[in-house]
1. What is the spin-label model distance, in nm, from K33 to K82 if the labels are put 7 Å beyond Cα along the C-beta direction?
2. If you rank H30, H64 by fewest surrounding Cβ atoms within 10 Å, what's the result?
3. Using the count of nearby Cβ atoms within 10 Å as a rough guide to exposure, how do L22, L13 rank from fewest to most?
4. Take D12, D36, D58 and order them by how many other Cβ atoms sit within 10 Å, fewest up front.
5. By how many nm would the segment from A66 to Y41 grow when fully extended, if each residue of separation counts as 0.36 nm and the alpha-carbon distance is taken off?
6. Past the 15 angstrom mark, what percentage of all C-alpha to C-alpha distances in the range 4-86 do you count?
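Bear in mind that the values in this text are calculations on the coordinates, not laboratory data. Just so you know, these numbers come straight off a predicted model, no measurement behind them. Neighbour counts run over all protein chains shown; Cβ positions are idealised from the backbone, glycine included.
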Amino acid sequence: MHHCCATGAWVDLEEAKRILKLNLGGEFYHLEKDPDYPSGYKMGTSIGYNPCTFLTKDGLCSIHIANYAYKPKMCIEFPYEKGKLAPYIYDLCIMYKRAKKKAKKRVLIRRKNVSRKNKSS
């Protein structure tokens, strides 16, 4: 995952209320005051650095699938925040590169094991 969904998103309280009416099964956490949000409050779609709770098992956004009009503003605008690249984008890129490297390593190990099996047969 190399998008904001990898670590969740901040959502305006009013957006969260609308999304909850869709009954998608995701949850919101960390209600915080924030004057940058229209309602004056924001909520997170994950805890810590865990993926967004609205992701499907296939890694797709259940909000987007159900009704794009309900998709949080932050998610629509990603990777921008207030017209500029979000400061955390570089962290996500590093996380993506690490995950890609680990996946490549697993593939190489599997190939090596398959090769060994074929030689011993």
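1. In this crude spin-label approximation the distance works out to 1.9 nm.
2. Values: H30 13, H64 16.
Placing the least packed residue first, the sequence is H30, H64.
3. Least crowded to most crowded, the residues run L22, L13.
4. Ordered from fewest to most neighbouring Cβ atoms within 10 Å, D12, D36, D58 come out as D58, D36, D12.
5. Details: separation 25, 0.36 × 25 = 9.00 nm, distance 2.42 nm.
The A66-Y41 span can extend by a further 6.6 nm.
6. Of all Cα-Cα distances in the range 4-86, 55 percent exceed 15 Å.
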